[in-house]
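J.: One structure coming up, written as structure tokens, with questions to follow.
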Amino acid sequence: MGLSQKLVLKQGQSLVMTPQLQQAIKLLQMSSMELQAFVDAELERNPLLEREEGSAEPLNEPSEKQSPDSLDEAFTGSVAVSEVMGSDAEAPEGASARMADEAAMPRDSGWASLRSSGHLSFDGEDGDFAANLSSGISLAEHLTSQLNLEFTAPADLMIGQHLIGMLNDAGYLSGDPSTLCETIKATPEQVEAVLERMRRFEPAGVFARDLAECLRLQLIDLDHLDPAMAALVDNLPLVARRDFNALKAKCGVTMEDLQDMLAELRALNPKPGLAFGTEPTLPVVPDVFVRPSPDGNWIVELNSETLPRVLVNNRYMATVSRGTKSEDDRLFLAGCHAQAAWLVKSLEQRAKTVLKVAREIVRQQDGFLIHGVQHLRPITLKMVADAIEMHESTVSRVTSNKYVATPLGTYELKYFFTTAIAAADGEGDAHSAESVRHRIREMIAKETVDAILSDDDIVSALRREGVDIARRTVAKYRESLGILSSVQRRREARLKG
């Protein structure tokens, strides 16, 4: 069979990932801070882009429902968008949009205090969170001031500075001090002598290699390191297991003395370095607000503070174009204009997509918003994607690094996606894994000294409530909540009693 060349014309379809399409996908999964940084970089690079200054007047009031087309008309650049939706199972057909700072930061009594364990809370007042943060003096600065008072020899000062640089935020040595011998040409004896003197610095416990040494240094500082306490510190694994009988034997003390020693141990600081300033931790800023409306619906709106507002300066474009003579300059201006127009459109589309996904999550988690975590429904990315006719990967990107402020607190959007646990009878509604964890926490919090619940007891109680769950799953959830086993809880309860 001979080989030959020929031309064949074929027709087909394929998805071409242009650079702009790739960037639009990246915009979806950016957090608000990453988005601000990206827009700031574009503003510096592109002369035709400018930031929209000031606040705009509300475009529409949310009291009346509008057709879906009004959502596009309400957009100018990237602005705040809100939707009013019902709290029943069916979503409203329309949406209402507005851009106003007072809408993005609601002030009604229902928002006077947003609270949840470990989540952001508002005090009802506007303000710059970052302006109220202060890093204070750092651990390195605090130790350096003591170093300069303790040592005068240049060699000792150099060794001390290197040892301070080897500390982590908690105040522990993160490396081997012996490596300094080669780095600064010091002898092991010199390094060890400086280290021993620096271990007397404040706060007590710094320059320790591990937790036991950190606690031991603090007890030495308090002059409380007697043989019994030394034995207790040497057996921290037994303390973690609450094996009090073994601890009494190791320390040679009675149960009453052991209780006092454990109380003293708990009063120590396992991470002394954290008492000093580091980089301030910025609070979570919600991307979406959810609040109840007077008619019983839920108002879902974007936070205008997290939405960069940029405009294309067409007037400047026309002015510069009239004076442009070279082809390269015209191509540069055309590219800048296309990039600016694309960015404005992409920011608008990103805002619409985030709002649409958040609206569907609120619709499906209506029970959670009304009754709390025990009514959190088990939903998946696919369920939300199918409901709003989007791809599952798009929903996944939208829910990454985005937060929603609700009357129950501020949560990451991904918090609302949990696995399902079947009903005990096989016919009822499935239960959210998060709601089951919450129920386990509640049950253990209510137990008494004489009635400590084992994992089997919890399984039986949950099955009576209609939750079909295995013992190993209960153990896994209990451990994820940081709750001790029933044996350890019983020992601790007896110790406290």
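Residues are listed down the side, and each one gets a yes or a no for (1) without any contact (Cβ under 8 Å) to a residue 12 or more places away in the chain; (2) crowded, with 18+ Cβ neighbours inside 10 Å; (3) not aliphatic (A, V, I, L, M):
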{"position": "Thr319", "(1), (2), (3)": "yes, no, yes"}
{"position": "Ala338", "(1), (2), (3)": "yes, no, no"}
{"position": "Ile361", "(1), (2), (3)": "no, yes, no"}
{"position": "Asp386", "(1), (2), (3)": "yes, no, yes"}
{"position": "Tyr403", "(1), (2), (3)": "no, yes, yes"}
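J.: Could you go through the stretch 285-304 and let me know if any residue there is touching a Leu at 6+ places or on another chain (Cβ under 9 Å) and polar (S, T, N, Q).
T.: no
J.: Does any residue of the stretch 186-194 turn out to be closer than 29 Å to Leu147 by Cα and either in contact (Cβ under 8 Å) with a residue 40 or more places away in the chain or within 34 Å of the chain's Cα centre (by Cα) (or both)?
T.: yes
J.: Identify the single condition in (1) at pLDDT 85 or above; (2) under 27 Å from Glu412 (Cβ atoms) that Glu50 does not satisfy, given that it satisfies every other one.
T.: Only one criterion is unmet by Glu50, namely (2).
J.: Six or more apart or on different chains, Cβ atoms under 6 Å: show the pairs whose first residue is in the stretch 444-455 and farther than 15 Å from Leu481 by Cβ and whose second is loosely packed, with under 10 Cβ neighbours inside 10 Å.
T.: Once the first residue is farther than 15 Å from Leu481 by Cβ and sits in the stretch 444-455, its partners that are loosely packed, with under 10 Cβ neighbours inside 10 Å give Val449/Gly497.
J.: Right, something else. State whether the residues of the stretch 402-417 include one that is out of contact with any Gly (no Cβ under 8 Å at 6 or more places or on another chain), part of a loop (DSSP other than H, G, I, E, B) and either modelled with pLDDT under 85 or closer than 29 Å to Arg464 by Cα (or both).
T.: The answer is no, given that none of the residues of the stretch 402-417 is out of contact with any Gly (no Cβ under 8 Å at 6 or more places or on another chain), part of a loop (DSSP other than H, G, I, E, B) and either modelled with pLDDT under 85 or closer than 29 Å to Arg464 by Cα (or both).
J.: For the stretch 304-332, which residues satisfy the criterion of being part of a strand (DSSP E or B), in contact with an Asp or Glu (Cβ under 7 Å, 6 or more places away or on another chain) and β-branched (Val, Ile, Thr)?
T.: Val310 - this is the single residue of the stretch 304-332 that is part of a strand (DSSP E or B), in contact with an Asp or Glu (Cβ under 7 Å, 6 or more places away or on another chain) and β-branched (Val, Ile, Thr).
J.: Of the residues Arg266, Arg309, only one is among the basic types (Lys, Arg) and farther than 28 Å from Ser346 by Cβ; which?
T.: Matching residue, one of Arg266, Arg309: Arg266.
J.: Go through the stretch 164-173 and give me each residue that's part of a helix (DSSP H, G or I) and touching a helix residue (DSSP H, G or I) at 6+ places or on another chain (Cβ under 6 Å).
T.: Ile164
J.: Among the listed residues Glu301, Glu202, which satisfies the condition of being part of a loop (DSSP other than H, G, I, E, B) and among the charged types (D, E, K, R)?
T.: The conditions single out Glu202.
J.: Return yes when Asp295 is assigned to a helix (DSSP H, G or I) and among the acidic types (Asp, Glu) and no when it is not.
T.: It is false that Asp295 is assigned to a helix (DSSP H, G or I) and among the acidic types (Asp, Glu).
J.: Further question: List, please: which pairs have Cβ atoms under 9 Å, are six or more places apart or on different chains, and start with a residue in the stretch 237-258 that is of a type outside the set (Ser, Thr, Tyr) and end with one that is loosely packed, with under 14 Cβ neighbours inside 10 Å and assigned to a loop (DSSP other than H, G, I, E, B)?
T.: Correct list of pairs: Lys248/Thr254.
J.: Consider Arg216 carefully, then state whether it is surrounded by 13 or more Cβ atoms within 10 Å (Cβ to Cβ) and under 36 Å from the mean Cα position of the chain (by Cα).
T.: yes
J.: Report whether or not Leu180 is free of Cβ contacts under 8 Å to residues at least 40 places away in the same chain, buried (at least 19 other Cβ atoms within 10 Å of the Cβ), at negative phi and aliphatic (A, V, I, L, M).
T.: Criteria met by Leu180.
The values are calculated or read from the model by the stated rules, or taken from the named source; none is laboratory data. Because the structure is predicted, anything quoted here is derived from the model rather than measured. Don't worry about glycine lacking a Cβ; one is built from the backbone with ideal geometry, like all the others, and counts go over all protein chains shown.
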